[in-house]
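To keep things clear, I will list the structure first and then write my remarks on it.
Taken together, the values in this text are just the output of simple stated rules run on the coordinates, not laboratory data. All of these numbers come straight from a predicted model, not from anything done at the bench. Please note: Cβ atoms are built from the backbone with ideal geometry, for glycine as well, and neighbour counts cover all protein chains shown.
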Amino acid sequence: MVKPFLVLFLSLFMAGCAASPTGELPRIDLVQQTLAPGDRLKLDVFREKDMSGEYVINDEGNLGLPLVGTVKAAGKTLPDLRRELTDLLREGYVRDARITLDVVGFRPIYILGEVQKPGEYTFSEGMSVHALVAKAGGFTYRANQNVAHVRHANEAAERAYRLTSGAAIQPGDTVRIGPRFF
């Protein structure tokens, strides 16, 4: 007969092995970050106040612009979309089209698990997992403070990463802080 303590130890050991971290989260360059639904952009068209304004990329990944209509924005970087809009406006809408296009706000990030206030939070440039945990009220007493499970917006599965002070997150990420077992 197997002792109950041994069964408990083995089950906890196996659960800990399944979540072994794969490395550190890579640093990101927001200029090369691809745009996605939920991102807010500010468009300024020189001498065209009616076309200038803030626009949100809709669920289909498009921007709805006056006169121009629907423009695919998701999956493109900000510099690529800026070039495309400039070319599109020059094709017959605005004579000497000069625009500025900036990201006003990226899509939100999410944190769940062993934090005081799990939920949706606003992404800010240079945000680390530790900063997100701080926004969420800190770790609970049961939290594993060495590993973060992250699912990037464009990935189907989460991966475990060692939790370092510089562990950067991306817009749209879901971060899960698991419990510690020992």
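Remarks
- Over the stretch 83-149, the Kirkwood radius and the radius of gyration, each from Cα atoms, give a ratio Rg/Rh of 1.34.
- For the stretch 63-125, trypsin sites (Lys or Arg not before Pro) meeting the loop criterion (DSSP other than H, G, I, E, B) and having at most 10 other Cβ atoms within 10 Å: R95.
- Packing rank of 171-180, 39-48, where each peptide gets the mean count of other beta carbons within 10 Å, highest leading: 171-180, 39-48
- Taking only the alpha carbons of the stretch 32-182, we obtain Rg and Dmax values of 19.1, 68 Å in that order.
- Kirkwood-Stokes translational diffusion coefficient of the stretch 37-105, alpha-carbon pairs, 25 °C, 0.890 mPa s, µm²/s: 205 µm²/s
- Residue pairs, from the table K42/K72; K42/K76; K76/K135, whose Cα atoms sit over 24 Å apart: K76/K135
- Loop-located chymotrypsin sites (Phe, Trp or Tyr not before Pro) in the stretch 73-177, at most 14 other Cβ atoms within 10 Å (DSSP): Y141
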